[in-house]
Amino acid sequence: MDQETLDRIAERTVAPGTLADRMGIKIISASPTRVVATMPVAGNTQPYGLLHGGASCVLAETIGSLGAVLHAGTDRIVVGIEISATHHRSVDDGLVTGVASLAHGGRTLVTFEILITDEAGRRVCTSRLTCMVRDSVFPGGENQPPGPPARDASRC
């Protein structure tokens, strides 16, 4: 897969309006075997002001899924089927960094191990994501849906 295709798929992952965009996730690098991204703690906290465990799961699923899509190729679709997370320590400010590393890259299942660390390099969360890989069901063989259907203004 060429760099232009990698970049296009990574941009789609954090496109405006996506959950990754709303949470401030930034893709630093992406390949079929390793994805790196950052996420701010601010805006992604629970009531005590600490990074929300669900936010860590969103970061993990975002970068693990991106890696799975890059592994599968543009003519296949990827669906997350299992995620687990162990939260090791709290974080109350700054950025966290997630690194997703390919653990298994098969034809129908892809598993990534995701390590999330704070700015001091301390382990915050360890996660594992498994995705199912299927043949494309969308027109043109793209691994992403073509976009939302046109809205019929007469039905408003």
Checklist outcome for this item: If each K or R counts +1 and each D or E counts -1, the residues other than Glu82 whose Cβ falls under 14 Å of its Cβ total -1
Checklist entry - What length, rounded to one decimal in nm, is gained on full extension from Ser136 through to Ser101, with 0.36 nm per residue of separation minus their alpha-carbon distance? => result 10.2 nm
Checklist entry - Roughly speaking, what is the centre-to-centre gap between the range 3-54 and the range 65-126 when only Cα atoms are used, to the nearest Å? => result 11
Checklist outcome for this item: Averaged over all viewing directions, the convex hull of the alpha carbons in the range 1-66 casts a projected area in nm² of 4.4
Item to check | 12 Å beta-carbon shell around Phe112, net charge (K/R +1, D/E -1) | outcome: -1
Checklist entry - With a sphere of radius 11 Å drawn around the Cβ of Asp135, what net charge do the other residues whose Cβ falls strictly inside it have (Lys, Arg +1; Asp, Glu -1)? => result +2
Item to check | Reference-scaled alpha-carbon Rg (2.2 N^0.38 Å with N residues) for the chain | outcome: 1.09
Item to check | trypsin sites (Lys or Arg not before Pro) within the range 26-114: DSSP coil, no more than 15 neighbouring Cβ in 10 Å | outcome: Arg89, Arg107
Checklist outcome for this item: Relative contact order as a percentage, the chain, C-alpha pairs under 8 Å and 6+ apart, gives 22
Item to check | Interchain or long-range residues, amide H under 5 Å from Ala42's placed H | outcome: Gly94
Checklist outcome for this item: The ³J(HN,Hα) series, computed from each phi in the range 70-87 with the Karplus coefficients 6.51, -1.76 and 1.60 at θ = phi - 60°, rounded to the nearest Hz and given as x for glycine or proline, is 5, 5, 5, x, 6, 9, 10, 10, 10, 10, x, 10, 7, 9, 9, 8, 10, 9
Item to check | In Hz, Karplus ³J(HN,Hα) per residue of the range 115-126 (6.51, -1.76, 1.60; θ = phi - 60°; x = Gly, Pro) | outcome: 10, 10, 10, 8, 5, 8, x, 7, 5, 9, 8, 10
Checklist entry - Could you give the angle, 0 to 90 degrees to the nearest 10, between helix 3-13's Cα long axis and the longest principal axis of the Cα atoms of the chain? => result 70
Checklist outcome for this item: Interchain or sequence-distant (5+) residues whose placed amide H lies within less than 5 Å of the amide H of Ile28 are Val36, Ala37, Thr38
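No lab work stands behind these numbers, since they all come straight from the coordinates. Worth saying up front: this structure is predicted, and the values here are computed from it rather than measured. Ideal geometry is used to build each Cβ from the backbone, glycine not excepted, and the neighbour counts take in all protein chains shown.
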